[in-house]
1. Return the aspartates and glutamates within reach of LYS14: Cα separation strictly under 15 angstrom, same-chain partners fewer than 8 residues apart disregarded; answer none if there are no such residues.
2. With Rg and Dmax of the Cα atoms in Å in mind, check (1) 18.1, 54; (2) 19.8, 60; (3) 20.5, 67 and report the label derived from this structure.
3. Which value in Å is the Kirkwood Rh of segment 1-81 over different Cα pairs?
4. Report, to the nearest whole %, how much of the accessible area of the chain belongs to carbon and sulfur atoms, 1.4 Å probe, protein only.
5. Could you report the chain's accessible area per residue, 1.4 Å probe, as an integer in Å²?
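The values are calculated or read from the model by the stated rules, or taken from the named source; none is laboratory data. All values derive from a computational prediction rather than experimental measurement. For the accessible areas, the whole protein counts, side chains as well, though only heavy atoms, and no ligand, DNA or RNA atoms are used. Shrake-Rupley method; radii C 1.70, N 1.55, O 1.52, S 1.80 Å.
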Amino acid sequence: APADYLALEQCSVKGVRANSDVGTPTDSGRPLLKLATADGSVGVGAWACTTGGWKSPSPRASTEVFYVLAGEGSVDDADGTRHRFGAGDLVTLPRGWSGRWDVTSAETLHKVWVVHAHAEISGASTAAVVTTPIPPSAKPSGGWFGRSGDASRVAAHKVVYDVGDTTVSVWSAPPGSTTQQGGATIQTFHVLEGIAFVTNDDGTAYRCAAGDTVVLPAGWSGSWDI
């Protein structure tokens, strides 16, 4: 989906949250798609909310991963640990998470989300995880991956969450081509920078640029050209 598909102005207003206890947080959203998995489903879309807060006392039945496009907020774990986030942050709320949500900025919080409904993972942490991806172009040292100089760059990724069938990572690669045959899992990614062409086995190709959200279903075969 191009960036404008999940843009703030494309989100449908749902109204003021009934469970709010701070302010009048009004949320809106737009779904992209939902795919079935062996033990649940994977959904993708965008969500936005104005300033305010509410309790989330019921443990999540799914794992949510979201990338913040605009605004600031925080989530509190059940033990009171606060995790603050803003534009450019990557947040994971594991299955079983409960606590509190607050949108703290005057600017509307806007995020792209992936929700993975799956079986309970025994012993897994339910604490929220917040990370800030730094692309290689952001620093002379090669950014988050610590590489130095364009000539030394190779495809790399940094895993920030890996529990059961849910893995969250940040991936980077230099110009080049690669193929994939029959991917075993659903892959969803949000492009932070650069341009790539994703081509299906049937020859249909999509240009992917910064701000785009892409979903590759399980079993996908095709090629990447960066």
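1. Here the aspartates and glutamates satisfying the reach criterion relative to LYS14 are ASP27.
2. Looking at Rg and Dmax of the Cα atoms in Å for this model, the match is (1).
3. On the way: mean 1/r = 0.0685 Å⁻¹.
Its Kirkwood hydrodynamic radius stands at 14.6 Å.
4. 53 percent
5. Values: 11380 Å² over 226 residues.
Per residue, the chain has 50 Å² of solvent-accessible surface.
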